[in-house]
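Here's the structure, in structure tokens; my notes come after.
The values are calculated or read from the model by the stated rules, or taken from the named source; none is laboratory data. Because the structure is predicted, anything quoted here is derived from the model rather than measured. Using ideal geometry, Cβ is built from the backbone for each residue, glycine included, and neighbour counts are taken over all protein chains shown. What goes into the accessible areas is simple: the full protein's heavy atoms, side chains included, and nothing from ligands, DNA or RNA. Shrake-Rupley method; radii C 1.70, N 1.55, O 1.52, S 1.80 Å.
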Amino acid sequence: MSISPPAAAPLVDLGPVAQLRAGRLAVRLPLLYVGLVVYGASLAMMARADLGLAPWDVLHSGLINHVPMTLGQAVVVMSFVVLVLWIPLREMPGLGTISNALVVGFACDATLSLLDRPDALALRIVLMLAGVGTCGLATALYIGAQLGRGPRDGLMTGLVRRTGLSIRLVRTGLEVSVVLIGLLLGGALGIGTVVFALTIGPITQVLLPLFTVDLDRPRAA
């Protein structure tokens, strides 16, 4: 007689107040903030590997070539620019949304201050792969906390809802667009960008069920 594994907790779409009322905050809040700090650290790891950045970070790295700010500050600034784009899409930010906009950039800069670029190519490859892997883990952690989408995720879902296009098409269009803009600004595109694009989805898909918190009343919501 075989025993089936327990079903994964469902992801639910709640408003900002309902997110906080859904219970288990003692688990969800640490999950959210650990995820965001790890996310920022993963961006710094890919930056120090110097083998190419994630699509949005190609844009961020291009921006800092022209504006006197750090990579983490560029992440924060662009997060709030993207949040302005939420207004016509009528997306509702949550605690996780605002926290994402701030914590990821600060964690990125803090990690950059502690981490140097390795000299050996093999070490840079390891650092790049570790950055991609930890980014997938961080994404699963903060999404699993169910306290609101990040600014860029919300832009994607808002466009999907407004246009009726598929998530895959909208996400691809957004990421191609930000990479092209980043390249025009002199951003860092490389093999790491390709590895990130091909693997971040599968990594997150595997890890997300492990970290998604089952809310007290998901079905009622």
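A simple spin-label model places the labels of LEU165 and VAL206 3.0 nm from each other, with each point 7 Å out along Cα-to-Cβ. If R0 equals 25 Å, the separation of the Cβ atoms of SER177 and THR157 corresponds to a calculated FRET efficiency of about 0.90. Residues in segment 46-60 near a label at THR70, defined as backbone nitrogen under 17 Å from the 7 Å Cα→Cβ point? Within reach of a label on THR70: 46-49, 60. Our estimate of slack between ILE191 and VAL126, defined as 0.36 nm per intervening residue step minus the Cα-Cα distance, is 22.1 nm.
From most to least packed by mean Cβ count within 10 Å, the peptides 187-196, 172-181, 42-51 give 42-51, 187-196, 172-181.
Of the solvent-accessible surface of segment 130-221, computed with a 1.4 Å probe over protein heavy atoms with every protein chain present, carbon and sulfur atoms account for 68 percent.
Dividing the summed -39500 (n - 2.57) terms of all DSSP H runs of n ≥ 4 by the residue count of the chain sets its mean residue ellipticity at 222 nm at -23500 deg cm²/dmol. Is segment 129-221 rounded, prolate or oblate when judged by the Cα gyration tensor, a ≥ b ≥ c being the square roots of its eigenvalues, rounded requiring a/c under 1.5 and prolate requiring a/b larger than b/c? Oblate is the answer for segment 129-221, as a/c is 1.5 or above yet b/c matches or exceeds a/b. Does segment 50-119 classify as rounded, prolate or oblate by the C-alpha gyration tensor (a ≥ b ≥ c root eigenvalues; a/c under 1.5 gives rounded; else a/b over b/c gives prolate, otherwise oblate)? Cα axes put segment 50-119 in the prolate bin.
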